[in-house]
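Have a look at the structure below before the remarks.
The values are calculated or read from the model by the stated rules, or taken from the named source; none is laboratory data. Please read all numbers here as calculations on a predicted model, not as lab measurements. Reconstructed Cβ throughout: ideal geometry from the backbone, glycine too, with neighbour counts over all protein chains shown. The area values use the complete protein model at the heavy-atom level, side chains included, leaving out ligands, DNA and RNA. Shrake-Rupley method; radii C 1.70, N 1.55, O 1.52, S 1.80 Å.
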Amino acid sequence: GSPSSLPLCCRFHARTSPPRKNGAEQVAIAMVRKDKTTTGMRLPPQHQGLEVKIPSFFRCPISLDVMRSPVSLCTGVTYDRASIQRWLDSGNTTCPATMLPLPSTDLTPNLTLRSLISHWSASAASCSPVAGSAAFFAGPSPAALVRQVASSGADPSAALRELAAYLSDDDVDEFEKNALVGAGSAAETVAAVLRRKGEQISVAGVEAAVRVLAAIVALDGIEDANKRRVAAGLAVDASASTASLARVLRGGSGLEARIDAARLAEFLLANAGADAKVAVAESSELVTELVRLVGPVDEKGGLDKKAMDTGLSCLAAIAGSRRSARADMVRLGAVPAAARALHATTEPSSSAKALRILESAVGCAEGRAALCKDAEQTVPAVLDKMMKSGRDGAEAAVAVLWAVCHKYKDRRAADAAAASEGGLTRLILLLQSGCSAAARQMALELLKIYKVNAKSCLAGYDSKTTHIMPF
């Protein structure tokens, strides 16, 4: 019959039901739901027993589970973040519900829907013993764990590990996590652990605190204002906090713990005041461990990509935050570490970070000497990454070469640049790339180190473009 003749619940269903899919769309949806055909629809623990009460628009179109972190694509369709990220990571370039091509794969948090789901979940928890976080988080409540950490007379390690597990649990509502970090003062309480004296807490305890803080900083569902509570807590005594981070970098139980400590140091640099930045940047102990994190990580000289990128990122942040720290960074081995990374990485972002470290280093005599000591290996690596590391990396590379080859006229560096295959071509490509005026001027001056003649000036350069030499 007509919609008006249907019962109210059916009319609501008719209004909210999605349009029928065509054949291609049905195949695509069937693909992303293939696990459901064999295992049946399964709800998260906090919603078991409430299947018939769940509003349909709370479910992810892919997993059919209640969404924990709803995000919207540019097509306007909302999915659970984990489900749509798996779809995109599999190489798909369409919206799975509409099959429309995606000009952008940016994911925008749907805060309104997340709030509705949170309020509904809280209401459901009050009338069902199986709903809510208590059903899947055993042991003391998170608030009780924070109180245990705050207790000065107790070893906080066990409570911190449980807190880290709670924050890392995908089944825990993100609003609950956010409330714990903000109103529950978890960020300040755990940050205070890193300010304790070394003899007052074990390395394991400090490492557990770092895991909690790193989880807070990494979580999408935590508001930025609450994330900054972590930096504010560490900045109360930035020197002590930095010493604890260096302690985990030096003696952490595994590479992941060391990476978390480096990320927290970088987060502190980005979000703390000037005094805290000085404490981080001028910590020789921290810089030493960051250089060690870049690698190698084993006796065979192997490099771990994630560790290398994290170490480079923090070292680049230190180099950019305080010029006076660059001589100390050079003394502690930042130049050879960055050069090793240039040879090892194929990632543009990692190359750019390594080049920014070298750009900072050549601003002092010690840095130029360290780079030119192995000019035959380092200078070709800088030239090789010039057009493979984005605009920032390219401009950092030309600044490095200009400093050692032109401004300070180091003969070893100039000879290494002139002998590098394709060096001239890369400089010309940089000039054509729309670089800044400063980078363009440096590139023009660097061209003078090449001996140009009619036979060799553009050997091997395959292009139909006419290039006018600037001299």
Seminar exercise, completed: Semi-axes a, b, c in Å (a largest) for the stretch 349-459, each sqrt of 5 times a Cα gyration tensor eigenvalue, come to 19, 17, 12
Exercise. What ranking do 382-390, 191-199 get when scored by the average of other Cβ atoms within 10 Å per residue, highest first?
Worked result: 382-390, 191-199
Exercise. Rg (Å, one decimal) plus Dmax (Å, integer) for the alpha carbons of the stretch 262-321?
Worked result: 12.0, 41
For this session: May I ask you to derive the relative contact order of the stretch 282-382, considering only C-alpha pairs under 8 Å and at least 6 residues apart, and to give it as an integer percent?
Result: 26 percent
Problem set entry | Tail fraction, Cα-Cα pairs, the stretch 214-314, threshold 16 Å, whole percent | 54 percent
For this session: Report, largest value first, the span of the C-alpha coordinates of the stretch 136-289 along each principal axis, in whole Å.
Result: 44, 30, 27
Exercise. Using the heavy atoms of the protein chains alone and a 1.4 angstrom probe, what is the accessible area of the stretch 56-119 per residue in square angstrom?
Worked result: 47 Å²
Problem set entry | Residues E376 and E223, FRET efficiency given R0 of 51 Å [Cβ-Cβ distance, rounded to 0.05] | 0.50
Exercise. Over the alpha carbons of the stretch 56-119, what is the largest minus smallest coordinate on each principal axis, giving the biggest first in Å?
Worked result: 34, 18, 17
Seminar exercise, completed: In Å², rounded to a whole number, the accessible area per residue of the stretch 365-435 with probe 1.4 Å is 44 Å²
Exercise. How do 173-179, 212-218, 158-164 rank on mean C-beta neighbours within 10 Å, highest first?
Worked result: 212-218, 158-164, 173-179
For this session: Report in % the part of the accessible area of the stretch 56-119 that belongs to carbon and sulfur, leaving out ligands and nucleic acids; probe 1.4 Å.
Result: 57 percent
